[in-house]
1. Which condition from (1) surrounded by 14 or more Cβ atoms within 10 Å (Cβ to Cβ); (2) without any contact (Cβ under 8 Å) to a residue 40 or more places away in the chain; (3) touching a helix residue (DSSP H, G or I) at 6+ places or on another chain (Cβ under 7 Å) is the one that Gly512 breaks?
2. Could you say which residue among His185, His162 is surrounded by 24 or more Cβ atoms within 10 Å (Cβ to Cβ) and closer than 17 Å to Leu144 by Cα?
3. Give the residues of the range 382-410 that are surrounded by fewer than 17 Cβ atoms within 10 Å (Cβ to Cβ) and aliphatic (A, V, I, L, M), sorted by residue number.
4. Go through the range 219-258 and give me each residue that's of a type in the set (D, E, K, R), over 27 Å from Arg148 (Cβ atoms) and part of a strand (DSSP E or B).
5. Among (1) out of contact with any helix residue (DSSP H, G or I) (no Cβ under 6 Å at 6 or more places or on another chain); (2) hydrophobic (A, V, I, L, M, F, W, C); (3) within 30 Å of Pro55 (Cα to Cα); (4) part of a strand (DSSP E or B), there is one condition Ala273 misses while meeting the rest; what is its number?
6. Return the residues of the range 276-316 that are crowded, with 24+ Cβ neighbours inside 10 Å and assigned to a helix (DSSP H, G or I); say none if nothing qualifies.
7. Within the range 481-499, identify whether any single residue is open to solvent by 60 Å² or more (accessible area, probe 1.4 Å), at pLDDT 95 or above and β-branched (Val, Ile, Thr), and answer yes or no.
8. If I go through the range 570-587 residue by residue, how many of them are surrounded by 17 or more Cβ atoms within 10 Å (Cβ to Cβ) and assigned to a loop (DSSP other than H, G, I, E, B)?
Amino acid sequence: LYLPTAPHYPTPPEVPPVPRRLRSPAAVVLLALPLLALACAPADSTAGRAGDAPPVRYEISFDDRMHNEARVSVHYTELPPGETLEMRMSRSSPGRYAIHEFAKNVYEVAAVDGDGQPLPITRPDPYQWDVTGHGGEATVTYTLFANRAGGTYSGIDETHAHLNIPATFMWARGHFARPVEVTVHLPEGSGWEVATQLAPTDDPEVWTAPSHDYFMDSPMEIADLDWREWEVGEQTIRIAMHHLGTDAELDAYAAQARSIVEEEAAVYGELPAFDHGTYTFLACYVPWASGDGMEHRNSTVLTSSGSLETSMLGLLGTVAHEFFHAWNIERIRPAALEPFDFERANMSRELWFGEGFTSYYDDLAMMRAGVLDVGQFARSMGGAVNAVTNSPGRNHFSPVEMSMQAPFVDAATSIDPTNRANTFISYYTWGSVVGLGLDLVLRERFPGVTLDDVMRAMWERHGAPEIPYTVDDIEAALAEVTGDADFAARFFDRYIRGSLVPDFERLFAQAGLELRPARPDAAILARARLVAGEGGLTVASAPLEGTPLYAAGASAGDVVLAVGGQPTRTPGDLARLLAARAPGDAVEVTFRSLGEEYSATVELIADPALVVVPVEADGGALTEAQAAFREAWLGG
């Protein structure tokens, strides 16, 4: 998921539109499907048992789409006659690491045998329906409610059916290796068509997958779609978009997406060999969609309530992030995610690399493609460096350990409060800062060596041959490209397994970028959200460790009544009081907590917020060495 640090960018320059070349997905030439190294079978499934078993046949229809419902059936033949058919809804989804209880939106479950006679169903747990007495053939039907179009869930309405496969289709334990055939009954007169990485057939409503591993990783956008595509060598990159914008807006989007694709391919020196020779961006930009981006082997989901007209740069940021995943995570894949388990949360120690380095490269690719200018790029990098440098989370976990928190934060839901304001830094953000720092350190210390070389080494060692990796393997790749194993070990001990931050002031200066305090003379009381409340300022988010308000003993939910003897009824009151003070001044803070009033004398601190700005923004000039360094780093 791409979350730009600076939300308001100027409109990018006009670019030539990509010629519109319409092609039905069914017309894609089906090439030989390579054996998938990505094994996603549930841990207890007998994945290899299927052999030459016939395909599992799914059907889905949308007669009650106005109520966000679909009707689904799944048909099994040649079942062992005495076997209990254990039908499951997934609890996790490729690209997500937390538990998601998809079974909660399934109801009206029924089963019949090959003669159409009802079969008994029992429910051993919330995620499973056991079917017995089938005699070797069974059809299970159910109704699915789906009203969240994004990367994890499904969304069905009058305008489209956006399907994440684990959130939509049941499957049977012990039959995960069977091939899949899915029939999508397109509503008559809707103008809908199917966009997916699944293999097409002669029938535009029928699609196939070699196994459930592949099927579960193959989302579908079914709507009245607009298409754009272009060729890269012998492969096709295409955009299938459900949106409310204009052809001109889509042409501009496609042209910039094409530039981003080219820059990211240049990092690795080649595109992956996409199945069927095709990669598909499944874009859904409508006001009722949920903002998300989700990578898959040969496609990516791009959803947003924003539009091409108002949110172009943020949408392109998601394009840049998710397409980089075609290498990093989809093929350069952590061993901890192999095989992916659909019945539990999946934890990885490498998300600082898989997600974080990808977050660094999405901005870098946009900069190299001319989508961002140097000021925008510097602002984004500064925001990330500031967030990591000033977060107390570094006192609690390393980037490796932050990655292990993903099952608790990756769109996970709970109602009990946490202390993540003080203990957590997103592995996206911290990983992007580590990637940035490593790239600049390599350019400083090893002439001709860059982070691109590390990514290419990981691609050659692990991505292209699809050999899963560990943290130690990344360190080995760094040692290989630098020829300095001691450097690689020190870097990992300090910044990957440890919690230090590189010396960005020196590193940025090489490129004529200045890291500096945003408000060097400003005094602050709290790094927390304070809002007008009953009799004072309610502490709406937990005060961060190391701030005066935290030292005073205040917590989230407390009310700050006065500072320095002056009432604080609004944020403006507090701002005026602090403007008259300096860092180091002692003030008395009075606050109410759990019905009691407390006072404490604390020392104000300087605002630690950092920014990165190009030297030319203040009227300075790049030296010849800085200009050369910046061009080598950021030039397309």
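The values are calculated or read from the model by the stated rules, or taken from the named source; none is laboratory data. In this text, all values refer to a predicted model and were calculated from it rather than measured experimentally. Note: ideal-geometry Cβ built from the backbone for every residue, glycine included; neighbour counts use all protein chains shown. Just the protein is used for accessible areas: all its heavy atoms, side chains included, with ligands, DNA and RNA removed. Shrake-Rupley method; radii C 1.70, N 1.55, O 1.52, S 1.80 Å.
1. (2)
2. Details: His185 fails: surrounded by 24 or more Cβ atoms within 10 Å (Cβ to Cβ).
Exactly one of His185, His162 is surrounded by 24 or more Cβ atoms within 10 Å (Cβ to Cβ) and closer than 17 Å to Leu144 by Cα, namely His162.
3. Val409
4. Within the range 219-258, the subset of a type in the set (D, E, K, R) is 221, 224, 226, 228-229, 231, 234, 238, 247, 249, 251, 258.
Then keep just the ones that are over 27 Å from Arg148 (Cβ atoms); that gives 229, 231, 234, 247, 251, 258.
Selection gives Glu229, Glu231.
5. Looking at each condition in turn, Ala273 falls short on (4).
6. Selection gives Leu315, Leu316.
7. Filtering the range 481-499 down to residues open to solvent by 60 Å² or more (accessible area, probe 1.4 Å) leaves 483, 485-486, 490, 493-494, 497.
Checking which are at pLDDT 95 or above leaves us with 483, 485-486, 490, 493-494, 497.
From what's left, β-branched (Val, Ile, Thr): none.
Taking every residue of the range 481-499 in turn, none turns out to be open to solvent by 60 Å² or more (accessible area, probe 1.4 Å), at pLDDT 95 or above and β-branched (Val, Ile, Thr).
8. Restricting attention to the range 570-587, the residues satisfying the condition of being surrounded by 17 or more Cβ atoms within 10 Å (Cβ to Cβ) are 573-574, 577-578, 581, 587.
Narrowing the set further to residues that are assigned to a loop (DSSP other than H, G, I, E, B) leaves 581.
Residues in the range 570-587 being surrounded by 17 or more Cβ atoms within 10 Å (Cβ to Cβ) and assigned to a loop (DSSP other than H, G, I, E, B): 1 in total.
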